[in-house]
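The next block holds one structure in the form of structure tokens; read it before the comments.
Since every read-out is calculated from the coordinates, none of them should be taken as a lab result. Fair warning: this is a prediction, and the values are worked out from it, not measured in the lab. All Cβ positions, even for glycine, are placed from backbone atoms using ideal geometry, and neighbour counts span all protein chains on display.
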Amino acid sequence: MRIAVERRTPWTILTLNGDLDAEAGPGVYLQFQRELLQGQTQFLINLRDVGFVDSSGLGVLVRCYKDARGRGGEIRLSEVPNPIERILEFTRLDTILLIEDEPDETDKARAA
């Protein structure tokens with residue numbers, strides 16, 4: 001799993017590349033924690049290049065969601081491949097892990 005980090009105030013964008021599974025999940029969570037400890041609280045997780053998510057990968061996303069919310073922040077998902085979106089809908093995780101596009105000027109104005 002490769003993780004690219006980009007900051008677009010107020011968002012921290014984590015772009016994942018690879019499978020989000022039991023092997024890669026701890027690394028994703030560790031990178032998320034690094035950003036959280038640096039004071040970042042608004043996260044956009046780009047799943048464009050994720051081919052597979054298993055239950056442990058879903059668990060990582062939920063843990064990240066809870067940790068961000070605990071600090072007054074939020075997590076959104078973007079560019080979610082259709083098979084992963086169906087899993088999120090089936091598990092009803094799409095009700096807490098909102099799926100949307102990259103942050104735009106509206107988000108910047110709302111955060112100000």
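For residue 19, the residues whose amide H sits under 5 Å from its own are 51, ignoring neighbours fewer than 5 places away on the same chain, with H placed 1.01 Å from N. Each label was represented as a point 7 Å from its Cα along the Cα-to-Cβ direction; for residue 22 and residue 37 these points are 2.6 nm apart. For residue 13, nonlocal amide neighbours, meaning residues 5 or more places apart or on other chains whose placed amide H falls under 5 Å from its own, are 6, 7, 8, 44. Across the chain, C-alpha contacts under 8 Å between residues 6 or more apart give a mean separation that, scaled by the residue count, equals a relative contact order of 25 percent. By the equivalent-ellipsoid construction on the alpha carbon gyration tensor, region 18-78 comes out with semi-axes of 19, 12, 10 Å, ordered largest to smallest. Shape class of the chain from the alpha-carbon gyration tensor: prolate, with a/c at 1.5 or above and a/b greater than b/c.
Using only DSSP helix segments of four residues or longer, with each worth -39500 (n - 2.57), what per-residue ellipticity at 222 nm results for the chain after dividing by its residue count and rounding to 500?
Numbers: 4 runs with 45 residues, N = 112.
Here the helix-only value at 222 nm equals -12000 deg cm²/dmol.
Note on residue 9 and residue 96: the model spin-label points, each 7 Å out from Cα along the C-beta direction, lie 3.1 nm apart.
Nearest 0.05, what FRET efficiency do residue 89 and residue 49 give at R0 = 30 Å with Cβ-Cβ as r?
Working: r = 21 Å, r/R0 = 0.69.
Efficiency, rounded to the nearest 0.05: 0.90.
Taking θ as phi - 60° and the Karplus parameters 6.51, -1.76 and 1.60, the scalar couplings of region 25-40 work out to x, x, x, 5, 5, 4, 5, 4, 4, 4, 5, 4, 5, 7, x, 6 Hz in sequence order, x denoting glycine and proline.
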